[in-house]
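S.K.: My structure is below; once you've seen it, I'll send some questions.
The values are calculated or read from the model by the stated rules, or taken from the named source; none is laboratory data. Note that the coordinates shown come from a computational prediction; the quantities given were computed from them, not determined experimentally. As a convention, Cβ positions derive from the backbone with ideal geometry for all residues, glycine included, and neighbour counts pool all protein chains shown.
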Amino acid sequence: MLRQLEGSAAVAETVALCRPEVVCAYPISPQTHIVEGLSDLVRAGRLERCEYVTVESEFAALSVCIGASATGARAYTATASQGLLYMAEALYNASGLGLPIVMTVANRAIGAPINIWNDHSDAMSQRDCGWVQLYAEDNQEAADLHVQAFRLAELLSLPVMVCMDGFVLTHAHERVDMPTAEQVDAFLPPFEPRQVLDPADPVTIGAMVGPEAFAEVKYLAHAKQMQALDAIPEIAADFETTFGRPSGGLVRGYRTEGAETIVVALGSVLGTIEDTIDELREEGVSIGALAIKSFRPFPLEEVRVALGAAKRVVVLEKALAVGIGGIVSANVRMALSGIELHGYTVIAGLGGRAITKRSLRELFGTAIEDRLEPLTFLDLDRERVEAELGRMSAGGRSGPHAENILREAGVVAARSH
Amino acid sequence: MAGADGQRVRFYQVGSFAAGNRLVDPEQRTVQARMDRSNTLTSGHRACQGCGEALGARYALDAAMRATEGKLIAANATGCLEVFSTPFPESSWQLPWIHSLFGNAPAVASGVAAALRAKGREDVRVIGQGGDGGTVDIGFGCLSGMFERGDDVLYICYDNEAYMNTGVQRSGATPPAARTANTKPIGREHPGNEFGQGKDMPRIAMAHGIPYVATATVADLHDLERKVERAIELRGARYIHVFVPCPLGWGADSADTIKLARLVVESGLFPVFEAERGEVTAVSPIRRQVPVEEYLRPQRRYAHLFGDPPRTDIVERLQEQADANIARFGLLPDDASDIDHPRVGSTSDARERG
Amino acid sequence: MKGPVAVSTFHSMEGLRPTFEVRIHGRGGQGVVTAAEMLSVAAFDEGRHAQAFPSFGSERTGAPVVSFCRFGDVPIRSREPIAEPDALIVQDPTLLHQVDLFSGLRPDGFVLINSSHGIEGLGLAELGERVRSERLLTVPATELAREHLGRPLPNAALLGGFAALTRTLELSSVIAAIRERFHGEAGERNAAAAAACFQRVAAEPAEVPNA
């Protein structure tokens, strides 16, 4: 049923339809409305047989999910940014133990300096923890991916994080076709764990594994993500059949056929990118976009096929590997191994800086003329960074840049006292 | 009865109620003495000879299995117990058991309990367990959260007073003056572990107002079993803190494990008591008080107190701590304290109390 | 949910972009974010696509807040803040000379300012040269809110004024959205304030339809 509602509410209601048995909640901006929404639904009795546990930290949130999932309960939690880092140990534990937990990550920057706004640094920092990572382009997809996530997770015994841009999606009101309980029940069977803590059939879970078997366990974890490369499109196809709309999958091309230039991105920025592409196409520019929806497992083959015929690829990403450059672009480059084309990395939207159509037009215009640097920071305040770099070289021992910039930008009047 | 010169004479019974005594009435025997015990932590694990934790865990879990009729799930923190009991590909555990991380055993246990509640299987009970490091330090936040929510979990801490599995480093439960790998008595200013630090976990548990808190040692295994059984009777967050000597970490004889546990109680350094909702409800009185020195001497971790010159000043401070405990809990019978807790002297007393 | 409204109401959107973009300015605690949400729900109720989101500042009471709403007949993909609004709603006139509220305003854009003063009284005569003067209006929404709600919360009232000024949404849709957001008595009073504001702006009678 079509409704106009906040992204967080759409996710909360959809997760509720997935019949979770244990929901853990620790609040962090910008995920708070999701856990609040689920609390309301549980209290109103709209969620049968669901235990809602308010925990004392994100580390506890995922740990409670681990205990619950190991006991055969469908478990869910949500977090962002600092919270995701705080549960980092548990992330690896959950994937290592093969527990099909589903978690929403309301993508947000990581401090220091503290920043509550959207970028992808949080999920990117955990790209190797063994979880499947899916990225939603809009709130419809954010809701839909959770349904697919539970099914994928339980099929493969692998935890799945559904990434949706914090504030940009979580706090945006837009139209969502909300699934019905019947549709979700038809699509998502009850959780049947392979191994469960049950006095009737005791098992030992979490024993130490030494050098003689650890490599094999890790290999199998990788193999399982490779299986996900098949499972994700299958589930997406089945979703389209059941719910009547395309959603999820590994990648999605937009006007990429015959495109000379293809822009690659994840998440909600694709909307603005597509608007920009339409305008440029009107002007005769041969340009398209590739949305990567599954970042882990990374669909090397699909990316190669989508981009291989282009002359240039611009990867626009909302995170940065400090010390080397792009993260998504490094993965994309791997997919294009052996293929010659111009590749550009653009770091944009860090810490919630708006990505505007105007900036994108200018950026793409520069790109199609191959006047772009290999690594660019979109809309960077060059004056400010150059001033700070100048200070650094003048006197060594830079100290923290954020505080330095704030000091310079600070109210001059305060200093006169 | 009075002796010839009017001196009070006390008689103790030692040995009749010893664990495993087959002459004892079946009803009074420990769970361990029964043929139908669960052997929850079965043989073949890799614990050191004389390991107090292995002893305590075996007793506690078999008692819990009996009390729950085998419907029990355990979540275990990283540490000696987890490591020696599950050397891949073997496991000593004969119950459903999960080890997740070092700091999250209480939270994992809470998750298990939540799942059981969601599935309408609250007949199955949950134990969270770990060593002192995993409980009072890295797991403290999760433990406090579990207490605060009142999750239906019995958490058992096996306290051997240091991070033993990683090589005997100091924890928040390491007593003052104890030598560990990073609290060595180097120079006169460092008496081993510092005074004025450390967490009194049982009293912190009591401060959460949870239904049941108890301390126990492996010197009185009847008592430990009884407390586990009592805890299982109740619902909500419950905590048992078990003193378990570590021969290797303490530099003690592996044959002295139970003796050291008895001495720590008799010295007053480790009060044995029960509490409900923040109020002490019963204490185990000291039957024959010993000076702390008698407890400290057999352990090489305190050897620096008895060297040349001896650190009598430190021993005195430790004696003061013991005396303070005795006063606070009223651990000496017939002493002039105001405290009037029911005494728990032996299993016979417990039986009479019903 | 109603079907699309008759074309005549949307003559003002012909020749413009397929979406109508509104930017709302106010201070934290004045319901600026809720106003944008209600606008989007009103548009949705008319069968339109709509998107509403706040500028995500630290939301302290009293701090300047901006919210955005786009609506139209095509799916909305863009996520960028509204840089070139078709309409501005200014809930708090004390912002007028503190923040550049009018940045990017389209030449035939609409401006609705919550104030009992006129445009000249607010020192905005210059603005009258940038935009079409019949599209630049003040309305005493806070006073109307006080009258109908008993509280100085003008956000819902202003939406009624917006509907009258821009003719991009029906008053009935705005009222339906208000009722969805505020239940019971609060919904009715806010709806009455919106109708009163519509009436003021349109200088024509306006009734609150039955719930």
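S.K.: Does the stretch A:342-357 include one or more residues that are surrounded by 13 or more Cβ atoms within 10 Å (Cβ to Cβ), closer than 25 Å to A:TRP117 by Cβ, small (Gly, Ala, Ser) and without any contact (Cβ under 8 Å) to a residue 12 or more places away in the chain?
M.R.: So far as the stretch A:342-357 goes, yes, one or more of its residues are surrounded by 13 or more Cβ atoms within 10 Å (Cβ to Cβ), closer than 25 Å to A:TRP117 by Cβ, small (Gly, Ala, Ser) and without any contact (Cβ under 8 Å) to a residue 12 or more places away in the chain.
S.K.: What's the number of the condition A:ARG194 fails, among (1) touching a Leu at 6+ places or on another chain (Cβ under 8 Å); (2) modelled with pLDDT under 95?
M.R.: It fails just one condition, (1).
S.K.: Taking the conditions exactly as written (outside any loop (DSSP other than H, G, I, E, B), in contact with an Asp or Glu (Cβ under 8 Å, 6 or more places away or on another chain), facing another protein chain (nearest Cβ under 10 Å) and at pLDDT 95 or above), does A:GLU154 satisfy them or not?
M.R.: So A:GLU154 fails the test.
S.K.: Taking A:SER29 and the conditions (1) under 21 Å from A:ALA136 (Cα atoms); (2) at pLDDT 95 or above; (3) not basic (Lys, Arg), which numbered condition does it fall short on, given that it satisfies the others?
M.R.: For A:SER29, the failing item is (2).
S.K.: Sort out which residues of the stretch A:7-30 are in contact with a Ser or Thr (Cβ under 7 Å, 6 or more places away or on another chain), over 25 Å from A:ALA70 (Cα atoms) and not in a helix (DSSP H, G or I), and write them in order of number.
M.R.: Scanning the stretch A:7-30 gives A:ILE28, A:PRO30.
S.K.: So, one more: Assuming B:ILE204 fulfils every condition listed in (1) surrounded by fewer than 23 Cβ atoms within 10 Å (Cβ to Cβ); (2) touching a Phe, Trp or Tyr at 6+ places or on another chain (Cβ under 6 Å); (3) more than 30 Å from B:THR312 (Cα to Cα) apart from one, which condition is it?
M.R.: Only one criterion is unmet by B:ILE204, namely (2).
S.K.: With the requirement that a residue be in contact (Cβ under 8 Å) with a residue 24 or more places away in the chain, more than 13 Å from every other protein chain (Cβ to nearest Cβ) and in a helix (DSSP H, G or I), what does the stretch A:262-287 give you?
M.R.: A:LEU280, A:ARG281
S.K.: Go through (1) within 14 Å of chain B (Cβ to nearest Cβ); (2) in a strand (DSSP E or B); (3) not hydroxyl-bearing (Ser, Thr, Tyr) and name the single condition A:PRO199 misses.
M.R.: (2)
S.K.: Sort out which residues of the stretch A:209-223 are within 7 Å of chain B (Cβ to nearest Cβ) and exposed (fewer than 15 other Cβ atoms within 10 Å of the Cβ), and write them in order of number.
M.R.: Correct list: A:GLY210, A:ALA213.
S.K.: I've got another one for you. When residues of the stretch A:207-249 are filtered for being closer than 30 Å to B:TRP93 by Cβ, of a type in the set (D, E, K, R) and not in a loop (DSSP other than H, G, I, E, B), how many remain?
M.R.: 3
S.K.: Shifting gears a bit: How many residues does the stretch B:257-273 hold that are within 11 Å of B:PHE243 (Cα to Cα) and of a type in the set (D, E, K, R)?
M.R.: Of the residues in the stretch B:257-273, 1 are within 11 Å of B:PHE243 (Cα to Cα) and of a type in the set (D, E, K, R).
S.K.: Kindly indicate whether any position in the stretch B:46-53 is surrounded by fewer than 24 Cβ atoms within 10 Å (Cβ to Cβ), within 14 Å of chain A (Cβ to nearest Cβ), under 30 Å from A:CYS65 (Cβ atoms) and in contact (Cβ under 8 Å) with a residue 24 or more places away in the chain. Before you say what the answer is, go through the steps one by one.
M.R.: Our first condition is that a residue be surrounded by fewer than 24 Cβ atoms within 10 Å (Cβ to Cβ); within the stretch B:46-53, this holds for B:46-50.
With within 14 Å of chain A (Cβ to nearest Cβ) added as a condition, the list becomes B:46.
Filter again for under 30 Å from A:CYS65 (Cβ atoms), leaving none.
No, because not a single residue in the stretch B:46-53 is surrounded by fewer than 24 Cβ atoms within 10 Å (Cβ to Cβ), within 14 Å of chain A (Cβ to nearest Cβ), under 30 Å from A:CYS65 (Cβ atoms) and in contact (Cβ under 8 Å) with a residue 24 or more places away in the chain.
S.K.: Now, a different point. Keeping to the stretch A:239-261, report how many residues are in contact (Cβ under 8 Å) with a residue 12 or more places away in the chain, more than 21 Å from the chain's Cα centre (by Cα) and more than 14 Å from chain C (Cβ to nearest Cβ).
M.R.: 8
S.K.: When you go through (1) more than 8 Å from chain B (Cβ to nearest Cβ); (2) buried (at least 24 other Cβ atoms within 10 Å of the Cβ) one by one for A:SER39, which number turns out not to apply?
M.R.: Evaluating A:SER39 over (1) more than 8 Å from chain B (Cβ to nearest Cβ); (2) buried (at least 24 other Cβ atoms within 10 Å of the Cβ) leaves (2) as the failure.
S.K.: So, one more: Output the number of the condition that A:ALA106 fails; it satisfies all remaining conditions of (1) of a type in the set (Gly, Ala, Ser); (2) in a loop (DSSP other than H, G, I, E, B); (3) surrounded by 21 or more Cβ atoms within 10 Å (Cβ to Cβ).
M.R.: A:ALA106 satisfies all of (1) of a type in the set (Gly, Ala, Ser); (2) in a loop (DSSP other than H, G, I, E, B); (3) surrounded by 21 or more Cβ atoms within 10 Å (Cβ to Cβ) except (2).
S.K.: On the given criteria, is B:ASP132 more than 9 Å from chain A (Cβ to nearest Cβ), touching a His at 6+ places or on another chain (Cβ under 8 Å), acidic (Asp, Glu) and crowded, with 24+ Cβ neighbours inside 10 Å? Explain how you work it out, then say what you get.
M.R.: On the way: more than 9 Å from chain A (Cβ to nearest Cβ): yes; touching a His at 6+ places or on another chain (Cβ under 8 Å): no; acidic (Asp, Glu): yes; crowded, with 24+ Cβ neighbours inside 10 Å: yes.
Spelling it out, it is not the case that B:ASP132 is more than 9 Å from chain A (Cβ to nearest Cβ), touching a His at 6+ places or on another chain (Cβ under 8 Å), acidic (Asp, Glu) and crowded, with 24+ Cβ neighbours inside 10 Å.
S.K.: Kindly indicate whether any position in the stretch C:28-36 is free of Cβ contacts under 8 Å to residues at least 12 places away in the same chain and facing chain A (nearest Cβ under 9 Å).
M.R.: no
S.K.: Would you mind stating whether B:ALA67 is crowded, with 24+ Cβ neighbours inside 10 Å, small (Gly, Ala, Ser) and either without any contact (Cβ under 8 Å) to a residue 40 or more places away in the chain or within 26 Å of B:VAL31 (Cα to Cα) (or both)?
M.R.: no
S.K.: Same structure again: Let me spell it out: the conditions are (1) part of a helix (DSSP H, G or I); (2) farther than 19 Å from A:ALA289 by Cα; (3) touching a residue at least 12 places away in the same chain (Cβ under 8 Å), and A:LEU389 meets all of them except one. Which number is the exception?
M.R.: The number of the failed condition is (3).
S.K.: Now, a different point. Being touching a residue at least 60 places away in the same chain (Cβ under 8 Å), in a helix (DSSP H, G or I) and among the acidic types (Asp, Glu) is the requirement here; does A:GLU302 meet it?
M.R.: When the stated conditions are applied, A:GLU302 does not pass them.
S.K.: A further question follows. Quick one: in the stretch B:135-152, which of the residues that are facing another protein chain (nearest Cβ under 9 Å) and over 21 Å from the mean Cα position of the chain (by Cα) is surrounded by the most Cβ atoms within 10 Å (Cβ to Cβ)?
M.R.: Quick first cut of the stretch B:135-152, residues facing another protein chain (nearest Cβ under 9 Å) only: B:141-142, B:144-146, B:148-149, B:151.
Still in the list and also over 21 Å from the mean Cα position of the chain (by Cα): B:145, B:148-149, B:151.
On the way: B:GLY145: 24, B:GLU148: 15, B:ARG149: 20, B:ASP151: 26.
Across the stretch B:135-152, the extreme among qualifying residues is B:ASP151.
S.K.: Considering each residue of the stretch A:42-61, count those that are facing another protein chain (nearest Cβ under 7 Å), in a loop (DSSP other than H, G, I, E, B) and either touching a Phe, Trp or Tyr at 6+ places or on another chain (Cβ under 7 Å) or more than 25 Å from A:GLN82 (Cβ to Cβ) (or both), and give that number.
M.R.: Adding up the residues that qualify gives 4.
S.K.: Which residues, counting only those in the stretch C:45-57, are of a type outside the set (D, E, K, R) and crowded, with 24+ Cβ neighbours inside 10 Å?
M.R.: C:ALA50, C:GLN51, C:ALA52, C:PHE53
S.K.: When you look at B:GLY111, is it within 8 Å of chain A (Cβ to nearest Cβ) and surrounded by fewer than 23 Cβ atoms within 10 Å (Cβ to Cβ), yes or no?
M.R.: no
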